[in-house]
Amino acid sequence: MKKILGTILGLTLFCIALYVLMREIQRYGWSDIVQNLRNIDSAHLAVSMMFSTLCYLALTGYDTLAWKHFGHRLAYLRIAKASFVGYAFSHNLGFSLLTGAPVKYRIYSAWGIRAVDVAKVVAFTGFSLAIGFSTLMGLALILEPQTIATQLKLPVAGARPYGMLLVAAVATYLALSAFIKKPIRIKKLHISIPAPHIRAGQVIVSCSEWMFAAATLYVLFVPGLSIPYTAFLAIFISAYVAGFISQVPGGLGVFDTIVLISLKPIAPLPTIMAALLAYRVVYYIIPLICALALLGVHELFHRKNRPASA
């Protein structure tokens with residue numbers, strides 16, 4: 001029942017977002033968008049690709065921290081391969097539990113890793129992602145309450161207190177070890193609190209990943225936006241989370257619509273759409289092509305070295 005409701009919610013969000021997006025585009029025309037795409041020079045694209053690379057590099061940090069926390073010793077290059085391929089697939093196809101997680105398991109299983117252990121890593125990653133969201137969104141609301149409230153159509157009075165609440169939640173998590181020494185038991189589930197250095201790593205890795213992902217899009221706006229990066233970061237995170245909740249592949253339509261509506265007062269629509277299109281190529285399409293090639297090489301090597309009885 002939950003899966004059906006989730007699917008219905010995702011399709012509803014997608015349809016609403018697509019309607020709003022197409023309505024806005026019809027006011028201008030694709031020719032203006034194509035012209036703005038041509039205005040994005042190679043230097044901006046190169047910097048955007050650099051930030052995208054750094055983002056996927058940061059994503060490997062989630063799995064690295066998770067394996068350390070769960071006591072598994074794996075070479076970083078193995079972790080990086082499974083991590084990159086898994087995230088590239090889940091980013092493009094949506095439904096990360098049905099796409100990225102199985103792809104990760106396919107690679108990890110070659111080294112004797114069990115499905116249940118991969119599931120733990122996926123859960124650890126999801127929680128780490130939320131830590132980064134809370135930290136950066138909280139700081140952004142504290143530092144730029146007026147700008148963010150205006151762009152996201154939020155009440156200005158509640159922006160800074162909400163930001164403080166998010167930061168306080170992260171600070172509480174970081175201080176847990178001083179009060180909780182044993183694993184938390186919820187029925188048959190035992191949840192162990194990560195060591196202090198693992199928790200600190202979660203904050204650093206997650207914040208880095210969010211910041212690099214947002215920068216990948218931010219530098220593609222030509223001319224640049226009139227709002228500071230901190231405010232744009234909050235818009236990006238909000239749009240990304242909405243796209244993730246919808247489970248539409250790549251947040252297509254949902255992510256774009258929120259960015260469009262938020263930035264519409266400060267940038268022409270063709271400029272916004274051109275940046276979004278270039279962003280999808282840099283952050284989604286190119287990594288997916290690389291991931292497909294890497295997975296293909298892995299499969300060939302794995303089959304070649306698999307025992308004849310397997």
Scanning the range 124-156 residue by residue, those part of a helix (DSSP H, G or I), hydrophobic (A, V, I, L, M, F, W, C) and closer than 27 Å to A267 by Cβ turn out to be F133, L136, M137, L139, A140, L141, I142, L143, I148, A149, V156
The one condition A214 fails out of (1) modelled with pLDDT of 90 or more; (2) over 30 Å from L143 (Cα atoms) is (2)
Would a scan of the range 157-176 turn up a residue that is more than 30 Å from D63 (Cα to Cα), hydrophobic (A, V, I, L, M, F, W, C) and either in a helix (DSSP H, G or I) or in contact with a Ser or Thr (Cβ under 7 Å, 6 or more places away or on another chain) (or both)? yes
Being hydroxyl-bearing (S, T, Y) and touching a residue at least 60 places away in the same chain (Cβ under 8 Å) narrows Y283, Y229 down to just Y283
With criteria (1) closer than 26 Å to A58 by Cβ; (2) at pLDDT below 90; (3) of a type outside the set (D, E, K, R), Y283 comes up short on (2)
Across (1) out of contact with any Leu (no Cβ under 6 Å at 6 or more places or on another chain); (2) surrounded by fewer than 21 Cβ atoms within 10 Å (Cβ to Cβ), T230 clears everything bar (1)
Discussion item. Given the condition at pLDDT below 85 and outside any helix (DSSP H, G or I), answer yes or no: does some residue in the range 98-108 qualify?
Written reply: yes
Of A278, A308, the only residue that is at pLDDT below 90, over 16 Å from the mean Cα position of the chain (by Cα), over 19 Å from L57 (Cα atoms) and aliphatic (A, V, I, L, M) is A308
ask   = Does the range 237-244 contain any residue that is assigned to a loop (DSSP other than H, G, I, E, B), touching a residue at least 12 places away in the same chain (Cβ under 8 Å) and surrounded by fewer than 21 Cβ atoms within 10 Å (Cβ to Cβ)?
value = no
- prompt: Regarding T147, is this residue among the hydroxyl-bearing types (S, T, Y) and within 26 Å of A119 (Cα to Cα)?
  reply: no
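The values are calculated or read from the model by the stated rules, or taken from the named source; none is laboratory data. This structure is a prediction, so every number in the text was calculated from the model and none was measured. Cβ coordinates were reconstructed from backbone atoms using ideal geometry, including for glycine residues, and neighbour counts include every protein chain displayed.
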